[in-house]
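Report on the following structure.
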Amino acid sequence: MKPTIAIDLGGTNIKAGIVAGTEVLAAESIPANSREGLAPQLPRIAELIERLCARRQLKSTNCRGIGMAVPFLVDPIRQRIRSVPREKYGDACDIDLPAWARQRLGIDIKIENDAHAALLGEWRHGAGQGSDDFVMLTLGTGIGCSVLIRGRPLRGKHFQAGVLGGHLIANPEDGPACAACPASGCYEAESAAQSLAREAQAHPQFAKSALAGEKVIDFAAVFGHAARSDEVAVAVRDRCLRYWTALIISLVHAFDPDRIVIGGGVSEGAAARAMFPAMQDCVNKHAWIVEPIEIRAAALGNQAGVIGVTTLFTHKPQCI
């Protein structure tokens, strides 16, 4: 079987790989420069693809095509970008990516929302195997969400159903503005990476906390210091945990899955995985469910989307 060129178009980095099945044969990443728009990045992406192909002694035309995971709302039938987040790749809706791929590299491209791509990867090759009804959450810089119902990704009329779970409103009264969506007080604004420094610095004991000495207050710092019983880190961690569990319960009520798969940086490492039993207990107690809902850590790590886009060449984009 021919390999697939996989691209993960992130807001900070653009990751690329040559993928055969679940094996990444070659990989490289470059800075995204997402505020400049997508058009200036396309020549860089083409050069990145050509470098990776040369490393494997391939031509791009020896591959099945390009599978690209993007942080946008995507119409997978027409292969068009429908909407983009604030301040990232603002010109993307005007770009015909299939035409670019054919003209520049001589191959087809299939684009998919990055949360859907991660779900497809976990469904076919990871923690979603054996379930046709599950929700995938990626917790980290943002909150990604995708929903599979009876073996089909949930999309809706405007292709936004399911993928905006992180932008459901958690705090409508005085919540902080979100960096990605037009709302304030959404789950992403309250409990993704953008919330950590704000919540830590607002704590009355912040000056005495080990977090005060960190150049960047990220999840690694919060989980690390919380594991050592730092009061502020524990408070910030537990606050995020409450929001994530509330979001999971809301998604269970909305979509009736039999499994929740959690990926992203938050799901990696012993300190993060130690939270899962507490989340499971809370969901068991507070969700209105007919049968138990299982919470699992994603199996593919940060390769879920890269592996997921390879399925775009073997499965039609059926959707609900």
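The values are calculated or read from the model by the stated rules, or taken from the named source; none is laboratory data. Fair warning: this is a prediction, and the values are worked out from it, not measured in the lab. Every residue, glycine as well, gets a Cβ built from its backbone with ideal geometry; the counts of neighbours run over all protein chains shown.
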Open item on the list: Please list, ordered by residue number, the helices (runs of 4 or more DSSP H) wholly in region 233-320 having 3 or more residues that are buried (at least 21 other Cβ atoms within 10 Å of the Cβ).
Closed with: 304-308
Task: Meets criteria (closer than 25 Å to ALA115 by Cβ and polar (S, T, N, Q)) for SER60 - done: no
Open item on the list: Please go through region 168-194 and give me each residue that is surrounded by fewer than 23 Cβ atoms within 10 Å (Cβ to Cβ), polar (S, T, N, Q) and under 19 Å from the mean Cα position of the chain (by Cα), ordered by number.
Closed with: GLN194
TODO: For ALA6, work out the one condition from (1) in a strand (DSSP E or B); (2) hydrophobic (A, V, I, L, M, F, W, C); (3) modelled with pLDDT under 95 it doesn't fulfil.
DONE: (3)
Task: Unmet requirement for GLN160, which otherwise passes all of (1) surrounded by 24 or more Cβ atoms within 10 Å (Cβ to Cβ); (2) closer than 21 Å to ILE77 by Cβ - done: (1)
Task: Among the candidates LEU58, LEU42, residue that is at pLDDT 95 or above and not charged (D, E, K, R) - done: LEU42
Open item on the list: For region 118-125, check the following and say yes or no: at least one residue is within 22 Å of VAL19 (Cα to Cα) and either part of a strand (DSSP E or B) or charged (D, E, K, R) (or both).
Closed with: yes
- [ ] Determine whether ASP218 is under 30 Å from ARG152 (Cβ atoms) and either of a type outside the set (Phe, Trp, Tyr) or not assigned by TED's automatic domain parsing to the domain that holds CYS178 (or both).
- [x] no
Task: Residue list for region 214-232, filter: over 20 Å from the mean Cα position of the chain (by Cα) and either under 23 Å from ALA117 (Cα atoms) or assigned to a loop (DSSP other than H, G, I, E, B) (or both) - done: GLU214, LYS215, VAL216, ILE217, ARG228, SER229, ASP230
Open item on the list: Out of ALA246, ALA278, ALA254, ALA274, I need the residue that is at pLDDT below 85 and in the same structural domain as CYS186 (by TED's automatic domain parsing). Which one?
Closed with: ALA274
Open item on the list: Can you go through LEU196, LEU211, LEU137 and tell me which one is part of a strand (DSSP E or B), at pLDDT 95 or above and either more than 24 Å from VAL252 (Cβ to Cβ) or outside the structural domain of THR12 (by TED's automatic domain parsing) (or both)?
Closed with: LEU137
Open item on the list: Checking ALA46 against (1) touching a strand residue (DSSP E or B) at 6+ places or on another chain (Cβ under 7 Å); (2) free of Cβ contacts under 8 Å to residues at least 60 places away in the same chain, only one condition comes out false. Which one?
Closed with: (1)
Task: Contacts under 9 angstrom Cβ, first residue in region 15-43 being over 17 Å from THR314 (Cβ atoms), partner aromatic (Phe, Trp, Tyr) and in a helix (DSSP H, G or I), 6 or more apart - done: LEU42/TRP100
- [ ] Report yes if LEU148 is part of a strand (DSSP E or B) and closer than 21 Å to TYR187 by Cβ, otherwise no.
- [x] yes
Task: Hey, GLN160 farther than 21 Å from LEU241 by Cα, among the polar types (S, T, N, Q), under 21 Å from the mean Cα position of the chain (by Cα) and at pLDDT below 95 or not - done: yes
Open item on the list: Please verify whether ASN113 is buried (at least 24 other Cβ atoms within 10 Å of the Cβ), among the polar types (S, T, N, Q) and over 15 Å from ILE260 (Cβ atoms), treating the condition exactly as stated.
Closed with: yes
Task: Options LEU73, LEU97: the member that is surrounded by 17 or more Cβ atoms within 10 Å (Cβ to Cβ) and within 24 Å of PRO182 (Cβ to Cβ) - done: LEU73
